[in-house]
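Participant: There's a structure below that I have some questions on.
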Amino acid sequence: MFFNYYSPTEITEPVLQLLKKFEGRQYELITIPIKTESFSVPSDCYNNVNKKIQLSKGKIRYGWSVYDNDYFIEAEKHAIWESPEGEYIDISCPNSENIIQLLFIMDDVDDGIYVPNIRCNYRKQQAIDDYFMIFDILNVLIIHYGRDSKEIKDLVIFPHELNEGVKTLYSLIADYREYIMSGIRNCICGSSILYENCHGSKTVQRTLNYIDEIIRKNNLKKN
């Protein structure tokens, strides 16, 4: 079960809440068309745009693509193409086949290829905050202990001691995603008690403690 992502076509209340996380930054909020090129590769916008520049000139513009899914809204680091005539176009593959235009926060800051998403829980549900926490833990592991695979694109390799911990995180992501989409407010464990009054953040915290213990026990060094 996966979230049904779309890019907002107007400035909604969730968009305004997300933009608060960009306060103090210089940016331009624009809506741009998506025209995927035949050579475009999913999750590889930087290389897609650079290839487009080689073929048609123009330049790369940096920023954040905005996606909502009716549960939370998030901004994902992204790059688009500016044509020689000054038109902004997203030439990379969107998160959903139904997305034909993109709400884009253009800040022209090249933070690097791997930058964690910026998320906003406008439903104010603790389970969604805990879902974000799982990604935060995973992001820290990627930054400090992961390395890119030389054989497989977009594959991050961890020290073998961390593999079980990372696998647990991905399993939790799937469980929480299904739980959030179910609309059930009782706990994820299946009890009749509200999530906040039962397991709450304990499951995520236990996983974090488990991973911390692996790192400490094996004396794993950061990159």
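Participant: Restricting segment 96-121 to residues that are polar (S, T, N, Q) and farther than 18 Å from Ile30 by Cα, which is most open to solvent (accessible area, probe 1.4 Å)? I'd like the intermediate steps shown before the answer.
Facilitator: First pass over segment 96-121, keeping only residues polar (S, T, N, Q): 96, 98, 101, 117, 121.
After this cut, where a residue has to be farther than 18 Å from Ile30 by Cα as well, the list is 96, 98, 117, 121.
Working: Ser96: 17, Asn98: 127, Asn117: 44, Asn121: 14 Å².
This residue is Asn98.
Participant: Right, another one. Anything in segment 171-216 that is at positive phi and exposed (fewer than 13 other Cβ atoms within 10 Å of the Cβ)? List them, or say none. Quick ask: steps written out before the conclusion?
Facilitator: Initial filter on segment 171-216 (at positive phi): 183, 190, 200.
Hits for segment 171-216 are Gly183, Gly190.
Participant: Answer yes if at least one residue in segment 135-154 is more than 21 Å from Glu74 (Cβ to Cβ), among the acidic types (Asp, Glu) and modelled with pLDDT under 95, and no otherwise.
Facilitator: Within segment 135-154 (the criterion being more than 21 Å from Glu74 (Cβ to Cβ), among the acidic types (Asp, Glu) and modelled with pLDDT under 95), the answer is yes, since at least one residue qualifies.
Participant: Continuing with the same structure: Can Leu155 be described as in contact (Cβ under 8 Å) with a residue 24 or more places away in the chain and touching a Ser or Thr at 6+ places or on another chain (Cβ under 6 Å)? Let's see the steps before the verdict.
Facilitator: Values: in contact (Cβ under 8 Å) with a residue 24 or more places away in the chain: no; touching a Ser or Thr at 6+ places or on another chain (Cβ under 6 Å): yes.
Against the criterion (in contact (Cβ under 8 Å) with a residue 24 or more places away in the chain and touching a Ser or Thr at 6+ places or on another chain (Cβ under 6 Å)), Leu155 does not qualify.
Participant: Do you know which of the residues in segment 146-178 that are touching a helix residue (DSSP H, G or I) at 6+ places or on another chain (Cβ under 6 Å) and of a type in the set (Phe, Trp, Tyr) is nearest to Thr203 (Cα to Cα)?
Facilitator: The qualifying residue nearest to Thr203 (Cα to Cα) is Tyr176.
Participant: Right, next: Residue check: is Tyr27 in contact (Cβ under 8 Å) with a residue 40 or more places away in the chain and either over 30 Å from Val156 (Cα atoms) or under 15 Å from the mean Cα position of the chain (by Cα) (or both)? Break it down stepwise before answering.
Facilitator: On the way: in contact (Cβ under 8 Å) with a residue 40 or more places away in the chain: yes; either over 30 Å from Val156 (Cα atoms) or under 15 Å from the mean Cα position of the chain (by Cα) (or both): yes.
When the stated conditions are applied, Tyr27 passes them.
Participant: Which of the residues that make up segment 65-95 are more than 24 Å from Asp136 (Cβ to Cβ), buried (at least 21 other Cβ atoms within 10 Å of the Cβ) and of a type in the set (S, T, N, Q)?
Facilitator: Listed by number, the list holds a single entry, Ser92.
Participant: Hey, another quick one. How many of the residues in segment 40-52 are at pLDDT below 95 and either in contact with a Gly (Cβ under 9 Å, 6 or more places away or on another chain) or hydrophobic (A, V, I, L, M, F, W, C) (or both)?
Facilitator: Residues in segment 40-52 being at pLDDT below 95 and either in contact with a Gly (Cβ under 9 Å, 6 or more places away or on another chain) or hydrophobic (A, V, I, L, M, F, W, C) (or both): 2 in total.
Participant: Filter segment 1-25 down to residues that are among the charged types (D, E, K, R) and either modelled with pLDDT of 95 or more or farther than 17 Å from Ser65 by Cβ (or both), then give me how many there are. Full working, then the answer.
Facilitator: Initial filter on segment 1-25 (among the charged types (D, E, K, R)): 10, 13, 20-21, 23, 25.
Applying the additional criterion that residues be either modelled with pLDDT of 95 or more or farther than 17 Å from Ser65 by Cβ (or both) yields 13, 20-21, 23.
Looking only at that region, the number is 4.
Participant: Among the numbered criteria (1) polar (S, T, N, Q); (2) touching a helix residue (DSSP H, G or I) at 6+ places or on another chain (Cβ under 6 Å); (3) part of a loop (DSSP other than H, G, I, E, B), which one does Ser191 miss?
Facilitator: (2)
Participant: Can you pull out every residue in segment 149-170 that is surrounded by fewer than 14 Cβ atoms within 10 Å (Cβ to Cβ), among the charged types (D, E, K, R) and at negative phi? Explain how you work it out, then say what you get.
Facilitator: Restricting attention to segment 149-170, the residues satisfying the condition of being surrounded by fewer than 14 Cβ atoms within 10 Å (Cβ to Cβ) are 149-155, 160, 163-164, 167, 170.
Subsequent filtering for residues that are among the charged types (D, E, K, R) retains 150-151, 153-154, 164, 167.
Scanning segment 149-170 gives Lys150, Glu151, Lys153, Glu164, Lys167.
The values are calculated or read from the model by the stated rules, or taken from the named source; none is laboratory data. This structure is a prediction, so every number in the text was calculated from the model and none was measured. Note: ideal-geometry Cβ built from the backbone for every residue, glycine included; neighbour counts use all protein chains shown. Only protein heavy atoms, including side chains, enter the accessible area calculation; ligands, DNA and RNA are left aside. Shrake-Rupley method; radii C 1.70, N 1.55, O 1.52, S 1.80 Å.
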